[in-house]
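All remarks here apply to the structure that follows.
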Amino acid sequence: MRVDVVTIFPDYLAPLSLSLIGKAQATGLLSVGVHDLRSWTSDVHRTVDDTPYGGGPGMVMRPEPWGAALDSLATPSSRLVVPTPVGAPFTQATAHSLAAESQLIFACGRYEGIDQRVIDHASSRMPVTEVSLGDYVLFGGEVAVLVIMEAVVRLLPGVLGNADSLAEESHAAGLLEAPVYTKPPAWRELAVPDILRSGDHGRIARWRRDESLRRTASRRPDMLVGPNAPELSKADRAV
Ligand SMILES: Nc1ncccc1[N+](=O)[O-]
């Protein structure tokens, strides 16, 4: 997968070269380019923003540098991802969808946002996905790109040593994951549930499913209703 990130704060994206993402780059699973939007300005002050038409506080990112940046980075297989508070919720399903792409371009907005015509023009020549990480406002899209990249890259084949963990993890099966334990068997008078040390894999699977259902019902009841709700067996309903 090829990923290009356009930002006025390239240093913010330095963590992309660390740990698993760095390893994915080193093994050729992923190549990442981080680009300073100001490279595509043409004035001496390298201006990227201006006052909003219609008045209002703050500044808006000018379309010209963005247009030039996308002109030089886009390929026929590009998908443009714009992290923004006005985007659709970013979910594990979005992460899977992005992980299936061969080339992603991330546009990191700052200030009050990017001139809408940048999105509209880009939409005429590539798929554009505006995503939000949550109902709060960050200074810009850079931190959101780090989150999205982590969620997407770990889904790429070969990045995670044990692909099985993808199947079991939270939000993969539509439920929150059951609690996890490791040695020692007792710690500060707290014991590991006996079932997990029984060696009875059938009953362990049932216990984990029950704990997932209980945890999801109490913390995220919204995940148990609606189109993405998981299929519940008769045993599930008894929980
Ligand atoms: N919440 C956000 N605030 C600013 C930029 C991007 C954002 N987001 O969620 O992707």
Mind checking segment 147-216 for GluC sites (Glu not before Pro) that DSSP puts in a loop (not H, G, I, E or B) and that have at most 15 other Cβ atoms within 10 Å? Glu169, Glu189
Assuming R0 = 30 Å, what is the FRET efficiency of Glu112 and Leu20, from their Cβ-Cβ distance, to the nearest 0.05? 0.30
Would you mind telling me the antiparallel percentage of the DSSP bridges in the chain, rounded to 5? 15 percent
Say a site is exposed when it is one of the trypsin sites (Lys or Arg not before Pro), sits in a DSSP loop, and has at most 13 other Cβ atoms within 10 Å; what is then the longest site-free stretch of the chain? 1-124
Report, by chain and number, residues whose modeled amide H sits under 5 Å from the one on Gly141, excluding near sequence neighbours (fewer than 5 apart, same chain). Gly109
What is the calculated FRET efficiency for Ala235 to Tyr181, with r their C-beta to C-beta distance and R₀ = 35 Å, to the nearest 0.05? 0.95
Apply the Karplus parameterisation 6.51 cos²θ - 1.76 cosθ + 1.60, with θ equal to phi minus 60°, to every residue of segment 3-20 and state each ³J(HN,Hα) to the nearest whole Hz, in sequence, with x for glycine and proline. 10, 10, 10, 10, 7, 8, 10, x, 4, 4, 9, 3, x, 5, 8, 9, 6, 4
Give me the extension gain from Arg219 to Leu160: residue separation times 0.36 nm, minus the current Cα-Cα distance, reported in nm with one decimal. 18.5 nm
Length released on extending from Ala93 to Asp210, taking residue separation times 0.36 nm less the Cα-Cα span: 39.8 nm
Once the Cα atoms of helix 142-153 and of the chain are each reduced to a long axis, what angle between those two axes, in degrees from 0 to 90 to the nearest 10, is obtained? 50 degrees
Distance in nm between pseudo-label sites at Leu190 and Val147 (7 Å out along the Cβ direction from Cα): 2.7 nm
Can you sort His171, His45, His96 so the residue with the fewest Cβ neighbours within 10 Å comes first? His45, His96, His171
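Rule-based calculations on the coordinates, nothing more; no lab input. What you see is a predicted model, and the numbers here were worked out from it, not measured in a lab. Here Cβ is always computed from backbone atoms with ideal geometry, including for glycine, and neighbour counts include all displayed protein chains.
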